[in-house]
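A.B. asks: Below are the structure tokens for one structure; questions will follow.
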Amino acid sequence: MECRRAKAYSSSANLGSGFDILSMAHTAFYDIVEIEAEYGKELNITVEANSNIPTEIEKNSASYPVKKILEDIGISASVKIKVIKGVPEGLGLGSSGASAAAAVAAINDLFNLNLSKNDLVKYAMYGEAAVTGSPHPDNVAASIYGGVVSVISTNPVKVVEIPINYIFDILLFVPINIKIREKTKKAREMLPKMVSINDYVLNSRSISSLILGFVKGERDLIRLGLNDEIVEKARLPLFPYYPKIKNLALKYNAIGACVSGAGPSILVLTDKMTDENKIIEEGVKTCKEFNVECKVIKAKLAGGVLVERCY
Ligand SMILES: Nc1ncnc2c1ncn2[C@@H]1O[C@H](COP(=O)(O)OP(=O)(O)OP(=O)(O)O)[C@@H](O)[C@H]1O
Ligand SMILES: N[C@@H](CCO)C(=O)O
């Protein structure tokens with residue numbers, strides 16, 4: 001039996017107004033997916049995990065993309081998938097996406113499929129569909145590529161890595177006593193079907209400012225860009241502490257703050273001008289005011305998915 005082990009990092013999607021477009025991989029957490037396989041008469045996939053995630057093939061974000069790849073290519077094999085969760089689930093940290101990213105990278109290497117990174121993203125999106133009912137591409141793109149990415153097309157999938165020319169650190173406020181079942185699915189149902197032209201313009205300005213800020217290495221543009229008028233506002237009941245945390249992050253001179261993915265975690269970008277300790281101290285107190293216990297994780301930008309042989 002051949003075996004591959006892949007490691008994929010957590011991610012924060014959206015980055016303000018880049019809903020389903022922008023995402024950032026970070027070193028906060030990672031998932032490992034090990035896949036063992038041997039050719040057989042028919043396709044048979046089993047999943048085991050070290051946490052309470054579903055192990056039905058079509059409901060697990062690691063196994064469903066693997067099934068899709070092997071069916072499309074026409075490979076009959078007996079496949080054992082082991083998911084070792086490191087990214088906490090349902091907290092807006094791209095947990096389902098990290099498993100999907102690791103799984104597609106492992107199966108690609110195991111069967112020498114030579115799929116491009118965009119193909120890996122395409123298949124990993126099935127993992128998100130399995131979990132949330134919609135194949136959002138942003139988390140899986142960041143976990144596969146690493147760094148900060150922009151998904152500029154989904155049909156066909158095209159992901160662009162954004163050159164980052166400003167050095168920053170990452171703080172994540174992670175609520176540890178909130179558990180919302182099918183959180184991303186619910187958060188997507190909260191979104192408006194129509195938006196005003198005014199909000200559309202404001203969001204377009206923010207997204208262009210953020211991308212230009214990263215590329216040109218201009219702090220002020222990144223700060224201006226980390227804003228959203230549509231998605232974060234519609235989902236505010238899921239993270240009522242967010243406006244207060246964002247205000248104090250800006251008060252203590254963070255570069256900016258936004259909701260991490262569909263929440264409830266909050267992403268704060270900092271640099272040497274930021275009073276991080278104050279943000280952490282007052283941010284944790286703010287969470288408590290809302291009866292939420294927040295753990296603060298410091299992280300850096302992470303690289304893309306890595307695959308090795310299992311020994
Ligand atoms: N391999 C997997 N890893 C993590 N969650 C999984 C996996 N397979 C299925 N799930 C289910 O998906 C849900 C987590 O997905 P959800 O979209 O709510 O969170 P997330 O991926 O952490 O957040 P976000 O997409 O906002 O970053 C949980 O209910 C979990 O049981
Ligand atoms: N773009 C997705 C990311 C989920 O992590 C959403 O906000 O629903």
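The values are calculated or read from the model by the stated rules, or taken from the named source; none is laboratory data. For clarity, every value in this text was computed on a predicted model and none was experimentally measured. Don't worry about glycine lacking a Cβ; one is built from the backbone with ideal geometry, like all the others, and counts go over all protein chains shown.
A.B. asks: Any chance the range 124-133 includes a residue that's within 21 Å of H26 (Cα to Cα), within 8 Å of ligand 1 (Cβ to nearest atom) and touching a Ser or Thr at 6+ places or on another chain (Cβ under 7 Å)?
C.D. replies: Scanning the range 124-133, I find at least one residue that is within 21 Å of H26 (Cα to Cα), within 8 Å of ligand 1 (Cβ to nearest atom) and touching a Ser or Thr at 6+ places or on another chain (Cβ under 7 Å), so the answer is yes.
A.B. asks: Further question: With the condition kept exactly as written, say whether any residue in the range 176-193 is surrounded by fewer than 23 Cβ atoms within 10 Å (Cβ to Cβ), polar (S, T, N, Q) and within 15 Å of ligand 1 (Cβ to nearest atom).
C.D. replies: No; the residues of the range 176-193 include none that is surrounded by fewer than 23 Cβ atoms within 10 Å (Cβ to Cβ), polar (S, T, N, Q) and within 15 Å of ligand 1 (Cβ to nearest atom).
A.B. asks: Can you pull out the helices (runs of 4 or more DSSP H) entirely within the range 37-150 that have at least 2 residues that are closer than 24 Å to L238 by Cα and of a type outside the set (V, I, T)?
C.D. replies: Working: elements: 63-73, 95-110, 117-132, 138-145.
Filter on the range 37-150 gives 95-110, 117-132, 138-145.
A.B. asks: Continuing with the same structure: If you check V121, V87, which single one turns out to be near ligand 1 (Cβ under 9 Å from one of its atoms) and of a type in the set (V, I, T)?
C.D. replies: That would be V87, the only listed residue that is near ligand 1 (Cβ under 9 Å from one of its atoms) and of a type in the set (V, I, T).
A.B. asks: Checking the conditions here, which among A13, A49 is surrounded by fewer than 21 Cβ atoms within 10 Å (Cβ to Cβ), within 21 Å of G92 (Cα to Cα) and aliphatic (A, V, I, L, M)? Outline the logic, then answer.
C.D. replies: Working: A13 fails: surrounded by fewer than 21 Cβ atoms within 10 Å (Cβ to Cβ).
After applying the criteria, what remains is A49.
A.B. asks: Residue check, A257 against (1) in a helix (DSSP H, G or I); (2) away from ligand 2 (no atom under 15 Å from the Cβ), all met but one. Which one?
C.D. replies: With (1) in a helix (DSSP H, G or I); (2) away from ligand 2 (no atom under 15 Å from the Cβ) applied to A257, the lone miss is (1).
A.B. asks: Still on this structure, please answer the following. Which residues, taken from the range 3-21, are within 13 Å of ligand 1 (Cβ to nearest atom) and over 21 Å from V83 (Cα atoms)?
C.D. replies: Filtering the range 3-21 down to residues within 13 Å of ligand 1 (Cβ to nearest atom) leaves 6, 8-15, 19-20.
Those that are within 13 Å of ligand 1 (Cβ to nearest atom) and over 21 Å from V83 (Cα atoms): A13, N14, L15, F19, D20.
A.B. asks: Applying the selection to the range 70-99, what residues are buried (at least 23 other Cβ atoms within 10 Å of the Cβ) and out of contact with any strand residue (DSSP E or B) (no Cβ under 8 Å at 6 or more places or on another chain)?
C.D. replies: Across the range 70-99, the qualifying residue is only S96.
Condition check ((1) closer than 19 Å to G146 by Cα; (2) at pLDDT below 95; (3) among the hydroxyl-bearing types (S, T, Y); (4) touching a Gly at 6+ places or on another chain (Cβ under 6 Å)) across all residues:
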site: A262; (1), (2), (3), (4): no, no, no, yes
site: V268; (1), (2), (3), (4): yes, no, no, no
site: D271; (1), (2), (3), (4): no, no, no, no
site: I279; (1), (2), (3), (4): no, no, no, no
site: T286; (1), (2), (3), (4): no, no, yes, no
site: F290; (1), (2), (3), (4): no, no, no, no
site: V296; (1), (2), (3), (4): no, no, no, no
site: A299; (1), (2), (3), (4): yes, no, no, no
site: V305; (1), (2), (3), (4): yes, no, no, no
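A.B. asks: Still on this structure, please answer the following. Take the range 44-62 and flag every residue that is within 21 Å of R5 (Cβ to Cβ) and either within 16 Å of ligand 2 (Cβ to nearest atom) or without any contact (Cβ under 8 Å) to a residue 60 or more places away in the chain (or both).
C.D. replies: Our first condition is that a residue be within 21 Å of R5 (Cβ to Cβ); within the range 44-62, this holds for 44-51, 53, 55, 57, 60-62.
If the condition is that a residue be within 21 Å of R5 (Cβ to Cβ) and either within 16 Å of ligand 2 (Cβ to nearest atom) or without any contact (Cβ under 8 Å) to a residue 60 or more places away in the chain (or both), then N44, I45, T46, V47, E48, A49, N50, S51, I53, T55, I57, S61 are the ones that fit.
A.B. asks: Could you run through the range 166-197 and say how many residues are under 20 Å from E289 (Cα atoms), within 19 Å of the chain's Cα centre (by Cα) and assigned to a loop (DSSP other than H, G, I, E, B)?
C.D. replies: The total comes to 4.
A.B. asks: Yes or no: E229 away from ligand 1 (no atom under 12 Å from the Cβ) and within 30 Å of E289 (Cα to Cα)?
C.D. replies: yes
A.B. asks: What number of residues within the range 6-29 are more than 16 Å from ligand 2 (Cβ to nearest atom) and either among the aromatic types (F, W, Y) or more than 20 Å from the chain's Cα centre (by Cα) (or both)?
C.D. replies: Residues meeting the conditions: 0.
A.B. asks: Please state which of the following conditions F214 fails to meet, knowing it meets all the rest: (1) on the phi > 0 side of the Ramachandran plot; (2) away from ligand 1 (no atom under 16 Å from the Cβ).
C.D. replies: F214 satisfies every listed condition except (1).
A.B. asks: Go through the range 97-137 and give me each residue that's of a type in the set (F, W, Y) and under 17 Å from D20 (Cβ atoms).
C.D. replies: Answer for the range 97-137, where residues must be of a type in the set (F, W, Y) and under 17 Å from D20 (Cβ atoms): just Y126.
A.B. asks: Here's a follow-up. Could you check, for the range 228-243, whether at least one of its residues is surrounded by fewer than 19 Cβ atoms within 10 Å (Cβ to Cβ) and under 20 Å from S96 (Cα atoms)?
C.D. replies: Scanning the range 228-243 turns up no residue that is surrounded by fewer than 19 Cβ atoms within 10 Å (Cβ to Cβ) and under 20 Å from S96 (Cα atoms).
A.B. asks: Then there's this: Counting residues that are surrounded by fewer than 16 Cβ atoms within 10 Å (Cβ to Cβ), which strands (runs of 3 or more DSSP E) fully inside the range 262-311 reach at least 1? I'd like the intermediate steps shown before the answer.
C.D. replies: Details: elements: 266-270, 294-299, 306-309.
By residue number, 294-299, 306-309.
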